[in-house]
Amino acid sequence: MTMKIIFFDIDGTLLDHDKRLPDSARQAIQTLKEKGHEVAIATGRAPFMFADLREELDIQTFVSYNGQYVVLKGEVIYNNPLNKGSLQSLTDMAVANNHPIVYMDHEDMKANVPHHDYIFESINTLKIEKFPTHDPNYFKEREIYQALLFCLEQEEEFYEREFKHFDFIRWHPLSVDVLPAGGSKAKGIEKITEKLGFGKEDVFAFGDGLNDVEMLKTVSNSIAMGNAHDMAKKAAKYITKSVDEDGILHGLRMVRLLD
């Protein structure tokens, strides 16, 4: 079999709703490696939010921040930070509307307010040890690859209309990812596959969320989880079982990567 590269989203794809990695997924990934395939991660998370998972699965290649910070075999090959001037304007508008922001670079995340229930409630669902501390000036002297804007869905449209330099992708009822306009996991995947010389027919991707739609549309062999958002399912070539029903294992069998 020709060597393939397979990208996995994390939340709702590799990790179940309790943020646990099913044994079947762990073993399936090990089998992929034994067969000589490349295994990578494509996530909206920051690198520091899935270091333990990378270590557990021995994965050194990943697309993080929805394509804005890309690492190939431990080396950064692409980054695409948010425009600082636009981020300052977004911050000013968000402060005026009492909508907090979290700024994220490759090492840390800082909030522009000391405490807010929206921040606590949404980030708590990720079940990570790290939590943003307060530093309203964090974005001014660093490259910020993604911001989190905390607002309700009906309040999001205002920001989409006002800030054309950014894309807003909802990941929680109380929060949206803020990305450079046009940035996506698909672009990050393209950087890796071009560098490694993979043809489009040899690229596979698993995902479930709204931030996976562009990836699932673009990658030739795309698989949506059974628990995926309807838009993700429509974008994918295949639909596997839910993450709680050994969806990774089933999907890999479906596309005959474990034969």
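The values are calculated or read from the model by the stated rules, or taken from the named source; none is laboratory data. Nothing here was measured: the structure is a model prediction, and the numbers come from that model. Neighbour counts are summed over all protein chains in view; Cβ atoms, including those assigned to glycine, are modelled from backbone coordinates with ideal geometry. All accessible areas refer to the heavy atoms of the entire protein, side chains included, with ligands and DNA or RNA removed. Shrake-Rupley method; radii C 1.70, N 1.55, O 1.52, S 1.80 Å.
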ask   = Is it true that some residue in segment 134-142 is closer than 24 Å to ASP208 by Cβ and among the basic types (Lys, Arg)?
value = no
ask   = What do you reckon, is THR43 closer than 20 Å to ASP208 by Cβ, hydroxyl-bearing (Ser, Thr, Tyr) and at pLDDT 95 or above?
value = yes
request  = Those residues that are open to solvent by less than 50 Å² (accessible area, probe 1.4 Å) and outside any loop (DSSP other than H, G, I, E, B), I need them from segment 222-259; list them, please.
outcome  = SER222, ILE223, ALA224, ALA232, ALA235, VAL243, GLY247, ILE248, LEU249, GLY251, LEU252
ask   = So, in segment 166-184, of the ones that are in contact with a strand residue (DSSP E or B) (Cβ under 7 Å, 6 or more places away or on another chain), farther than 28 Å from GLU38 by Cβ and of a type outside the set (Ser, Thr, Tyr), which residue ends up surrounded by the fewest Cβ atoms within 10 Å (Cβ to Cβ)?
value = ALA181
key: Residues of segment 9-58 that turn out to be assigned to a strand (DSSP E or B) and either touching a strand residue (DSSP E or B) at 6+ places or on another chain (Cβ under 9 Å) or under 19 Å from VAL219 (Cα atoms) (or both), as a count   = 6
ask   = Quick check: is even one residue across segment 112-123 within 23 Å of VAL70 (Cβ to Cβ), open to solvent by less than 20 Å² (accessible area, probe 1.4 Å) and at pLDDT 95 or above?
value = no
remark   = Filtering helices (runs of 4 or more DSSP H) wholly in segment 103-221 for at least 2 residues that are more than 18 Å from the chain's Cα centre (by Cα) and of a type outside the set (A, V, I, L, M) gives 117-124, 153-162, 185-196
message = Name the single residue that is surrounded by the fewest Cβ atoms within 10 Å (Cβ to Cβ) among those in segment 59-101 being on the phi > 0 side of the Ramachandran plot and either in contact (Cβ under 8 Å) with a residue 12 or more places away in the chain or outside any loop (DSSP other than H, G, I, E, B) (or both).
response = GLY74
query = For segment 33-47, which residues satisfy the criterion of being on the phi < 0 side of the Ramachandran plot and surrounded by fewer than 16 Cβ atoms within 10 Å (Cβ to Cβ)?
reply = LYS33, GLU34, LYS35
remark   = Residues of segment 190-218 being under 15 Å from HIS37 (Cβ atoms) and either touching an Asp or Glu at 6+ places or on another chain (Cβ under 7 Å) or touching a residue at least 24 places away in the same chain (Cβ under 8 Å) (or both), in sequence order, are ILE192, THR193, LEU196, PHE198, ASP202, VAL203, PHE204, ALA205, PHE206
ask   = Quick one: is GLU245 farther than 17 Å from GLY67 by Cβ, among the acidic types (Asp, Glu) and modelled with pLDDT of 95 or more?
value = yes
ask   = closer than 18 Å to VAL213 by Cα, open to solvent by 80 Å² or more (accessible area, probe 1.4 Å) and charged (D, E, K, R), is that true of LYS187?
value = yes
